[in-house]
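Asker: I am attaching a structure below and will ask some questions about it afterwards.
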Amino acid sequence: MSMRTKLIIMNFLQFFAWGSWMMTLAHYGFVEKQWNGAEFGLVFSTMGFASLVMPTLFGILADKWKANYVFSLLHLFFALSMLGLPFIDSPIPFFWVLLVAMSFYMPTIGLNNSIGFLILKREGKDPTTYFPPIRVWGTVGFIGAMWLTNFFTKDWGAGQSIKVSFIISAISAMILAIFTFIALPALENENNKNSNEKKTLIQKLGLEAFVLFKQKKMALFFLFSLLLGGSLQLTNAYGDGFLQDPTVFPVGELINNFSTIILSVSQISETLFILAIPFFMKRFGIKKVMLFSMIAWVLRFGLFGLADNSILGFTLIIASCVIYGLAFDFFNISGALYVEQNTDSKIQSSAQGVFMLMTNGVGAVLGNIIAGFVIAKYFEDPITHVKDWPGIWMAFAAYSLVVAVLFALFFKHKHNPLAFENIKH
């Protein structure tokens with residue numbers, strides 16, 4: 001088996017373990033467990049909480065030890081944690097166990113990339129050219145997991161409780177842990193190993209990039225990253241719960257029956273819009289591309305808000321899923337490029353870490369918790385837990401629109417087409 005094939009398998013299983021449960025968590029919490037919006041918002045925020053500190057800590061450990069061994073052990077502990085979730089009914093204990101699981105899983109996303117880069121460099125291959133075609137198999141794994149979970153949890157399939165999704169995730173994570181431990185070579189960070197330069201604790205923790213907050217343009221950029229980060233996971237959090245809500249989409253009909261498969265169109269779209277980024281970057285520049293993303297988030301939520309159980313409603317849902325690819329990719333990739341172009345080369349990795357911290361960490365935590373409380377207070381019957389889904393989605397759309405308008409008014413950036421001549425995917 002070639003090393004490229006091994007990396008493809010690693011990426012496939014990495015995101016298979018995530019996609020098998022994340023998209024159906026809302027239906028599990030709202031329908032099977034009857035949690036309210038605030039309780040579910042807290043549960044779903046675990047990914048954000050885990051992203052605040054754990055990737056940095058385990059990244060340091062991977063630099064000191066062997067990266068693939070750390071990666072393998074993290075997936076093993078993640079799998080064991082996930083196996084405990086089916087036995088928990090109360091949202092607070094569920095939150096703590098899922099937080100433990102996410103604390104093991106979230107660091108593996110960055111380690112997955114690092115391992116791929118290290119192996120490709122050892123083989124004399126440029127990661128910029130060779131890694132994207134490998135990484136796309138991670139999205140394929142995420143989609144495949146969604147389809148498999150849809151089969152196991154629907155009446156037309158195996159008809160199991162959604163709690164089976166946690167077991168599917170655990171099994172795939174265990175397979176990945178064993179595979180990476182056995183199949184991949186022992187990986188040490190050669191730069192750290194051979195360097196005699198002593199680093200301060202601040203440098204080891206990647207905190208030197210926080211000096212960027214002293215620059216007005218970077219502080220403003222990170223602020224908008226936080227604000228939009230509050231939107232990034234909302235449809236992943238509530239999308240499947242919406243499509244499986246029998247008060248909106250009757251059980252046994254198309255949308256309810258194939259909810260997870262329908263939502264996988266979002267991930268398919270994500271892979272396709274990546275190919276369009278070089279054209280848009282060169283033609284319009286970072287600010288306009290990021291603004292396109294923010295407007296796309298307005299449409300993503302707004303189309304869900306207009307959708308109902310009709311042919312037109314189904315069309316609006318599919319359109320929303322297609323738009324998701326633009327909304328998600330254009331912001332994340334253009335934002336990463338903005339950080340790269342506006343920071344010193346010595347702190348670029350740390351600066352990218354701050355960008356991810358503001359979006360997937362602080363932004364995601366605040367977004368999920370605040371959204372949960374808002375839903376519980378204004379858009380949910382306190383007794384029956386029946387939700388006003390049009391109101392929920394339109395509130396999310398209004399928030400995204402406000403962020404887009406403020407971004408257009410206050411964020412300043414001059415486009416230089418020559419800066420994007422070498423962008424390739």
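Asker: Say we join alpha carbon atoms closer than 10 Å with springs in a Gaussian network model of the chain; which of L303, L184, L406 then has the biggest fluctuation?
Answerer: Checking each option, the largest mean-square fluctuation is seen for L406.
Asker: Just want the ordering: S20, S2, from fewest to most Cβ atoms lying within 10 Å of their own Cβ. Don't jump to the answer; show the numbers that get you there.
Answerer: Values: S20 30, S2 8.
Final ranking by Cβ density, sparse to dense: S2, S20.
Asker: Could you work out the per residue convex hull volume over the alpha carbons of the stretch 206-415, in cubic angstrom?
Answerer: Per residue, the Cα convex hull of the stretch 206-415 comes to 121 Å³.
Asker: Separate question: For the chain, what is the relative contact order in percent, using Cα pairs closer than 8 Å and at least 6 residues apart in sequence? Write out the running numbers ahead of the final one.
Answerer: Numbers: 643 pairs, mean separation 110.4, N = 425.
The value is 26 percent.
Asker: Another question, if that's okay. Going by Cα centres, the stretch 84-112 and the stretch 1-56 are how many Å apart?
Answerer: Distance between centres, Cα-based: 8 Å.
Asker: Could you give each residue of the stretch 224-234 its phi-based ³J(HN,Hα) in whole Hz, using Karplus coefficients 6.51, -1.76, 1.60 with θ = phi - 60°, and x for Gly or Pro?
Answerer: 5, 4, 5, 5, 6, x, x, 9, 4, 9, 5
Asker: Can you give the translational diffusion coefficient of the chain in µm²/s, computed by Stokes-Einstein from the Kirkwood radius over Cα pairs at 4 °C and 1.567 mPa s? Intermediate values should be presented prior to the final figure.
Answerer: Working: Rh = 22.1 Å.
Estimated diffusion coefficient is 58 µm²/s.
Asker: Here's something else I'd like to know. Say the cut-off is 25 Å between C-alpha atoms; which of K125/K287; K377/K412; K125/K288; K216/K414; K217/K282; K6/K125 go over it?
Answerer: Values: K125/K287 32 Å; K377/K412 37 Å; K125/K288 33 Å; K216/K414 15 Å; K217/K282 21 Å; K6/K125 15 Å.
Table pairs above 25 Å Cα-Cα are K125/K287; K377/K412; K125/K288.
Asker: Would you mind finding the longest exposed-site-free stretch of the chain, with exposed trypsin sites (Lys or Arg not before Pro) meaning DSSP loop and at most 13 other Cβ atoms within 10 Å?
Answerer: It runs 200-411.
Asker: What residue among F411, F44, F87 shows peak mean-square fluctuation when the chain is described by a Gaussian network model with Cα springs under 10 Å?
Answerer: Largest GNM mean-square fluctuation: F87.
Asker: In the stretch 206-415, if the dipole is taken from +1 on Lys/Arg beta carbons and -1 on Asp/Glu beta carbons about the Cα centre, which of Y324, V365, F411 is farthest to the positive end?
Answerer: Of the candidates, F411 comes out farthest on the positive side.
Asker: Can you give me the C-alpha center-to-center distance between the stretch 258-322 and the stretch 130-188, rounded to a whole angstrom?
Answerer: The distance from the Cα centre of the stretch 258-322 to that of the stretch 130-188 comes to 24 Å.
Asker: So, one more: By count of other Cβ within 10 Å, fewest leading, how are S310, S165, S293 ordered?
Answerer: S310, S293, S165
Asker: Please list, in chain and number order, the residues 5+ apart from E380 or on another chain whose amide H is under 5 Å from its amide H, with Hs placed from the backbone.
Answerer: Result for E380 returns D388.
Asker: Based on the alpha-carbon gyration tensor of the stretch 209-270, what equivalent-ellipsoid semi-axes (square roots of 5 times the eigenvalues) come out, in whole Å, largest first? If you can, show how the numbers build up before the last one.
Answerer: Numbers: eigenvalues 301, 27, 8 Å².
Listed largest to smallest, the semi-axes of the stretch 209-270 are 39, 12, 6 Å.
Asker: Just how large is the dipole of the chain about the Cα centre, in debye to the nearest 20, putting +1 at every Lys and Arg Cβ and -1 at every Asp and Glu Cβ?
Answerer: Working: 29 positive and 23 negative charges, 323 e Å.
So the dipole magnitude of the chain works out to roughly 1560 debye.
Asker: Okay, moving on. What longest region of the chain stays clear of GluC sites (Glu not before Pro) that DSSP places outside H, G, I, E and B and that have at most 13 other Cβ atoms within 10 Å? Walk me through the numbers before you get to the answer.
Answerer: On the way: sites that count: E123, E197, E253, E421.
Counting at most 13 other Cβ atoms within 10 Å as exposed, the longest clean stretch of the chain is 254-420.
Asker: While we're looking at this one, here's another question. Would you mind classifying the stretch 1-184 by shape? Square roots of the alpha carbon gyration tensor eigenvalues, ordered a ≥ b ≥ c; an a/c under 1.5 is rounded, otherwise it is prolate if a/b is larger than b/c and oblate if not. Before the final figure, lay out the partial values.
Answerer: On the way: a/c = 2.30, a/b = 1.59, b/c = 1.45.
Cα axes put the stretch 1-184 in the prolate bin.
Asker: Of D388, D240, D329, which is the most mobile in a GNM of the chain whose springs link Cα atoms less than 10 angstrom apart?
Answerer: Maximum among the listed residues: D388.
FYI, it's all coordinate maths here, none of it is from the lab. Computed from a prediction, not measured in an experiment: that's the story for all the values here. Note that we place each Cβ from the backbone using ideal geometry, even for glycine, and neighbour counts take in every protein chain shown.
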